[in-house]
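Here's the structure we're looking at; comments come further down.
Each value in this text was obtained by applying a stated rule to the coordinates, not by laboratory testing. These numbers come from a predicted model, not from an experiment. A quick note on method: Cβ atoms are made from the backbone with ideal geometry, for glycine too, and the neighbour counts reach across all protein chains shown.
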Ligand code: MG
């Protein structure tokens, strides 16, 4: 099932994408919802980020280029970081390059959406706590990484976390590829088997540190091929089974239409 959020007029709404139509729903996708009976053509509504995350956690440098490069042992302490929920935007919105710099990096990623409260959950059981999966772009301004190793500022600017287009609840996360196209050219395309910290281990580890809650989003790392880009560039992050998340980069104060 593909859950979406969308705008009709000034109203924000939720729905289930079914082919080319969206069946409107009411309620909370995590705890209980029902169809309203209204159906819209997907092409006629503006899609929003498919959820308003509770919190957003990313993992750093989590892909190798080839299976031969996979380490024998997992890192003792994975590199996790938080991104503010205020950085979330939806499909077709502009990613705004901060003042004083002229380029930022795109990072196409599989984003895991937690559906049930999870504390100290084993690797074996952890996928039962996952609601579904969406595509994320972990936009990054490495110019703002602190020399002491802190990434927070460089990951946190408004518009730096595009999510969408939908949350797919029936995905096999071990059988997909994470892709990106920049201005129509292929840049990233790696199977999730090239993750250094695999999905189960990653989320189970987090639950041994913090209680995960419905609506938490975990960005699982970006494959080789992410690049610095500038105003006017168009990035499409894609996981075929979920959809394509397209955004355009814009300079501060210069809004540009994506299409
Ligand atoms: Mg990343």
Roughly what would the spin-label model give for residue 79 and residue 52, points 7 Å off Cα along C-beta, in nm?
-> 3.3 nm
So, by mean Cβ neighbours within 10 angstrom, what's the order for 140-153, 80-93 with the highest one leading?
-> 80-93, 140-153
Note down the nm distance, to one decimal, between modelled labels 7 Å out along Cα→Cβ at residue 209 and at residue 147.
-> 2.6 nm
Once residue 33 and residue 70 are pulled to full extension, the length gained, defined as 0.36 nm per residue separation minus their Cα-Cα distance, is 9.1 nm
With a ≥ b ≥ c the root eigenvalues of the C-alpha gyration tensor of the range 54-171, is it rounded (a/c under 1.5), prolate (a/b larger than b/c) or oblate?
-> oblate
Residue 116/residue 244 FRET efficiency (R0 25 Å; Cβ-Cβ; nearest 0.05) | 0.30
Expressed as a rounded percentage, what relative contact order does the range 51-251 have, with Cα pairs under 8 Å and six or more residues apart?
-> 35 percent
Spin-label point model (7 Å from Cα, Cβ direction): what's the residue 8 to residue 227 distance in nm?
-> 4.1 nm
Taking the mean number of other Cβ atoms within 10 Å as a proxy for protection, how do you rank 212-221, 173-182 from highest to lowest?
-> 212-221, 173-182
Answer rounded, prolate or oblate for the chain, using the Cα gyration tensor with square roots of eigenvalues a ≥ b ≥ c: rounded when a/c is under 1.5, else prolate when a/b is larger than b/c, else oblate.
-> oblate
Using the 10 angstrom Cβ neighbour count as an exposure proxy, how do 229, 139 rank, fewest first?
-> 229, 139
To the nearest 500 deg cm²/dmol, what mean residue ellipticity at 222 nm is calculated for the chain from DSSP H runs of n ≥ 4 alone, each contributing -39,500 (n - 2.57), summed and divided by the residues?
-> -1500 deg cm²/dmol
